[in-house]
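A short write-up of the structure that comes next.
All of the numbers you see were taken from the coordinates with simple rules; none came from a lab. Quick caveat, the model's predicted, so the values are computed rather than measured. Don't worry about glycine lacking a Cβ; one is built from the backbone with ideal geometry, like all the others, and counts go over all protein chains shown.
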Amino acid sequence: MDIVASVILIYVNVKVKVGATMRDIAFEASDGFPLHGTMFEGKGDGPAVLISSAAAVPSTFYRHFAHQLLASGASRVLTYDYRGVTKSGTPKGWVPRLNMKDWGVLDFPAALDVLKRAAGNKPLVGIGHSYGGLALGLSNRSSDFERYTSLASLSGYYRNTAVPFSVFAKMNFVALPLAISLGRLPKWSGIGEELPGSVFQDWARWCRNPNFLFGDAKTPESGRFQSVRTPLLAVGVTDDPWGTPKAIDHLMAHYGNAPIVKLWLSPKQSTGGAVGHLGFFRKHHVATLWPPVIDWLLHGTIPKDATQQTEQRVA
């Protein structure tokens with residue numbers, strides 16, 4: 001199916017907040033899977049921003065950050081749900097297996113095409129939360145961006161986390177049997193939003209592999225990471241049990257041909273308390289943790305506490 005022809009935009013449910021519009025949109029990936037997102041439009045003349053979610057996190061979680069991007073000068077921001085998640089639920093009768101890699105290989109490019117068409121001649125930048133930092137490498141579309149931020153994005157091998165045995169037990173002894181037996185992973189399992197069982201099986205398999213998705217024969221697209229040359233800001237949070245320095249460094253090594261600067265944020269920098277793996281995007285961090293990331297996205301300003309990645313590419 002032709003990529004351009006596959007993109008279907010349906011604007012509904014228009015809302016206004018602080019001079020910005022929020023439009024629910026529907027569009028299709030290149031394989032015909034129906035996806036949903038929200039287009040935020042403001043009065044700024046800056047870049048258009050693509051926000052790509054963490055696994056099992058709804059796109060609505062990023063709405064406050066999207067509004068702050070507009071208030072800071074972004075012209076447009078697009079958030080979206082990956083296939084099988086919340087508003088992009090699996091349509092009745094859909095037969096092909098849903099794979100976790102498809103979020104990056106198929107869904108990310110479809111969302112990017114939507115934003116690119118809406119942005120006109122505005123430059124494109126992106127921020128990926130956790131899985132969203134993997135989606136850039138899987139997509140083979142990194143050259144469309146002037147720069148990209150990976151926020152709490154990591155190589156998820158369980159032994160690289162701060163709580164390896166807890167992660168392994170929860171994923172493999174609790175969540176995985178549910179995903180296999182029910183064909184889905186319910187929200188009440190504690191992993192996040194409901195996920196298709198096949199997607200969670202991929203996730204669990206990657207997290208058991210010392211080389212994460214890069215060691216998975218079913219994900220040859222992982223080889224695309226080495227072609228990325230877009231400037232990256234890799235942001236870690238010191239109290240994130242998943243995004244340890246070892247886990248983030250392992251992922252960034254696979255982006256070894258991209259210019260990378262790293263920024264570590266701490267809960268001590270904000271009055272909002274613990275941050276962890278998800279907390280950065282909560283609105284009470286707007287005046288403390290958000291400014292250096294937003295300045296990088298919209299203006300390319302390297303945060304004062306950031307460090308240049310030393311050479312550590314993988315073969």
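Give me the percent of DSSP beta bridges within the stretch 44-195 that run antiparallel, rounded to the nearest 5.
Values: 1 of 15 bridges.
Antiparallel bridges: around 5 percent, rounded to the nearest 5.
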Coordinate range along principal axes, alpha carbons of the chain, Å, largest first: 49, 48, 38
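What is the antiparallel percent of DSSP beta bridges lying wholly in the chain, to the nearest 5? Don't skip to the end; give the middle numbers.
Working: 22 of 46 bridges.
In the chain, DSSP labels about 50 percent of beta bridges as antiparallel.
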The stretch 168-238 and the stretch 29-48: distance between their alpha carbon centers, rounded to Å: 25 Å
Calculated FRET value between residue 121 and residue 24, using beta carbons and R₀ = 22 Å, to 0.05: 0.30
Karplus 3J(HN,Hα) series, Hz, for the stretch 91-99 with 6.51 cos²θ - 1.76 cosθ + 1.60 (x for Gly, Pro): x, 4, x, 5, 9, x, 4, 8, 10
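At 0.36 nm per residue, minus the direct Cα-Cα distance, what do residue 95 and residue 163 gain on full extension? Give it in nm, one decimal, please.
Values: separation 68, 0.36 × 68 = 24.48 nm, distance 3.67 nm.
Between residue 95 and residue 163, full extension yields 20.8 nm more.
Quick check on packing: order 171-183, 280-292 by the mean number of other C-beta atoms within 10 Å, highest mean leading. Display every interim value, and only then the final one.
Numbers: 171-183: 15.0, 280-292: 17.9.
Packing proxy ranking, top to bottom: 280-292, 171-183.
Please report the relative contact order for the stretch 33-138, taking Cα pairs under 8 Å with a sequence separation of at least 6, and give it as a percent rounded to a whole number.
Details: 190 pairs, mean separation 41.7, N = 106.
The value is 39 percent.
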Gyration tensor verdict on the stretch 190-300 (Cα atoms; rounded if a/c is under 1.5, prolate if a/b is larger than b/c, oblate otherwise): oblate
Within the stretch 283-310: backbone nitrogen closer than 19 Å to the residue 64 label point (7 Å, Cα to C-beta): 283-295
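At 222 nm, what helix-only mean residue ellipticity would the chain give, in deg cm²/dmol to the nearest 500, using -39500 (n - 2.57) for each DSSP H run of four or more? List each step's numbers first, then the result.
Working: 9 runs with 79 residues, N = 315.
Value at 222 nm, helices only, nearest 500: -7000 deg cm²/dmol.
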Label-point separation, residue 282 to residue 302 (7 Å along Cα→Cβ), nm: 3.2 nm
Karplus 3J(HN,Hα) series, Hz, for the stretch 148-164 with 6.51 cos²θ - 1.76 cosθ + 1.60 (x for Gly, Pro): 8, 10, 9, 10, 6, 9, 7, 8, x, 3, 4, 6, 7, 7, 6, 10, x
The stretch 155-211: Rg to Rh, with Rh as the Kirkwood radius over Cα pairs: 0.96
Debye, to nearest 20: dipole size of the chain, +1 on Lys, Arg Cβ, -1 on Asp, Glu Cβ: 360 debye
Dipole-positive endmost among 292, 279, 26 within the chain (Cβ charges, Cα centre): 279
Inter-site label distance for residue 188 and residue 71 at 7 Å from Cα along Cβ, in nm: 3.8 nm
Under 5 Å, built H, 5+ apart or other chain: amide partners of residue 240: 276
Contact order normalised by residue count of the stretch 180-269, Cα under 8 Å, 6+ apart, percent: 22 percent
